[in-house]
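Please read the structure below before turning to the comments.
The values are calculated or read from the model by the stated rules, or taken from the named source; none is laboratory data. None of the values given here were measured: they were computed from a predicted structure. Cβ placement follows ideal geometry from the backbone for every residue including glycine, while neighbour counts extend to all protein chains displayed.
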Amino acid sequence: MKKSTIWFLAALMALTLICLLYIQIMYMESMIRMRDDQFSEGVRRSLYAVSSLLEQDETKYYLEEDVAEVEAASIYSQYGGTPRLGGMRYTFTTHSGLVGDVTVRADPDKIYNLQREDGSLAQSYNTMREELKGQYLYQKGLIDDVIINIMNKAADRPIEERADSAAVRTYLKQELENNGLALPFEFAVVNRNGHAFYKTGGFGSDDMSSLDNTLFVQPLFRNDPRQSKNYLRVYFPSKDKYILSSVKFLIPSFVFTFILIIVFIYTIVLSFRQKKLTEMKNDFINNMTHEFKTPISTISLAAQMLNDNSVRKSPAMLQHISTVINDETKRLRFQVEKVLQMSMFDKKKATLRLQDVDANSLISNVANTFRLKVEKYGGRLATDLDARNAIINVDEMHFTNVIFNLLDNAVKYRKEDEPLRLTITTADTSSGKLRISIADNGIGIKRENLKKVFERFYRVSTGNRHDVKGFGLGLAYVHKMITLMGGQIKVESEFGKGTCFIITLPLLSDDSDTDDGNGSAE
């Protein structure tokens, strides 16, 4: 897949996810706003109902006050006193179930005579109707008196009596529950200047600016004079939590969307990595073809020369051709070994035969073998094996290949105009480990490439030259082997001045039991 295609699909998917997330956010905001409006409307209805109930209580207060006076007068008349109003009280029930009282007000003697009066039923009914008519007119006048008392006297009563705190709390709780708002609240009754006559403990200070939209205000006794206006303020501490809880079903959708975004980002990164790995493998195949072509061609040419009779008659020529075939065969075998290393990486595991070896001795043998190759290019290989304790538990074959790969890497990336100087040193560290350093004065590695040198198939760019051969597996192999053997490797380099690879491996303690058996690591 082309890189442009991947970028197009990534942009399209990113735009789709952004739009999906935007729609979810807008929908959630709309739901919260709607729930907030519903909450506010329910609270306003509840507060209006509380205000109406308090006004009804006040009306009932004045009615009961006047009725008490009437009942007191009736009691006086029954005991022979001279009543101010006089009369007889009747109780009745309507067809709808309402209970009412009717008081016939007249001279007690007339009422008594009315009850004992002989006559027809119609005459008694007419007489009673006239009496009831008079009573109705009286009661109407009584209610007018109550209205006048409310208008003239009610505003002068203390607000604590007109709106009792216990009654306000009860009415508030009842009306809020009727509107489906069963949540905690705090309230206060204040005057037009904001001074609180009384308030609940959690209502807070007189400064309501910090309460924002969680505070609701309802005028009490709306017909009071303007200068005597009082207000009921109600505050809901858990309003935001209540509203958010009503839209919590949207939270899983946001979680799944974010998971989808993370998976999408990971997929895109993985796609680019896979594309890069594919490109590296293609380079590997090209390099492998080039590496195999040269020794095969050389061996083929040597075989053709052996068919020449003049060549077969010359022992020196036969010796030369034999040497060429032997060298190219070794070279071909080494390249095959590199391909097998790649197979090991694909399987993600390697089998190690761990044993205790003397690192100084092993490195010395490798250096003696490799010194001829270094001197062939006019260079010099020096060793400084000063580690006093150099016994490590490693796979001897893989550890030898590690040292060989690092030395071969130094030869490949040497400077053309300067003799190669290659140094191998060993030393003990304060943390009880062996430190192995392989330094050269080659072309070096740029800073931006240092983090990538241990990646598979990665090769530091040397321009369009083909004199530096390889598959980009050597350093990846070195890193993997050192890690599997419990060590660490790092690289220090300055472009144009040289490179130093530093290997750190754990040492065997003097008093530890050594095991020369086989082991494996994955």
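Does Phe284 satisfy being among the aromatic types (Phe, Trp, Tyr), under 20 Å from the mean Cα position of the chain (by Cα) and either modelled with pLDDT under 80 or part of a helix (DSSP H, G or I) (or both)? Answer is no for this residue. Screening the stretch 47-68 for residues that are touching a Leu at 6+ places or on another chain (Cβ under 7 Å) and modelled with pLDDT of 80 or more and picking the one that is nearest to Leu220 (Cα to Cα) gives Ser51. The set of residues in the stretch 36-51 being over 38 Å from the mean Cα position of the chain (by Cα) and either buried (at least 16 other Cβ atoms within 10 Å of the Cβ) or farther than 13 Å from Asn178 by Cβ (or both) consists of Ser46, Leu47, Ala49, Val50, Ser51. Please tell me if Gly432 is out of contact with any strand residue (DSSP E or B) (no Cβ under 7 Å at 6 or more places or on another chain), small (Gly, Ala, Ser) and either surrounded by fewer than 19 Cβ atoms within 10 Å (Cβ to Cβ) or at pLDDT below 90 (or both). So Gly432 does not fit the description; no. For Thr103, the criteria (1) assigned to a helix (DSSP H, G or I); (2) farther than 30 Å from Leu232 by Cβ; (3) modelled with pLDDT of 55 or more; (4) of a type in the set (Ser, Thr, Tyr) hold in every case but one, which is (1). If we scan the stretch 238-256, do we find a residue that is over 36 Å from the mean Cα position of the chain (by Cα), loosely packed, with under 12 Cβ neighbours inside 10 Å and either in a helix (DSSP H, G or I) or acidic (Asp, Glu) (or both)? No, the conditions are met nowhere in the stretch 238-256. Applying a threshold of 9 Å to beta carbon distances and a minimum spacing of six or more residues, or different chains, the list of pairs starting in the stretch 247-266 at a residue that is within 14 Å of Tyr27 (Cα to Cα) and ending at one that is part of a helix (DSSP H, G or I) and basic (Lys, Arg) reads Val247/Arg35. Considering each residue of the stretch 338-363, count those that are modelled with pLDDT of 90 or more and either closer than 13 Å to Arg421 by Cα or part of a helix (DSSP H, G or I) (or both), and give that number. Counting residues in the stretch 338-363 that are modelled with pLDDT of 90 or more and either closer than 13 Å to Arg421 by Cα or part of a helix (DSSP H, G or I) (or both) gives 5.
Go through the residues of the stretch 190-202 one by one and say whether even a single one is among the hydrophobic types (A, V, I, L, M, F, W, C), over 49 Å from the mean Cα position of the chain (by Cα), at pLDDT 60 or above and over 30 Å from Ser245 (Cα atoms). Checked the stretch 190-202: no residue is among the hydrophobic types (A, V, I, L, M, F, W, C), over 49 Å from the mean Cα position of the chain (by Cα), at pLDDT 60 or above and over 30 Å from Ser245 (Cα atoms). On inspection, Val374 fails the criterion of being more than 21 Å from Lys480 (Cα to Cα), without any contact (Cβ under 8 Å) to a residue 40 or more places away in the chain and in contact with a helix residue (DSSP H, G or I) (Cβ under 8 Å, 6 or more places away or on another chain).
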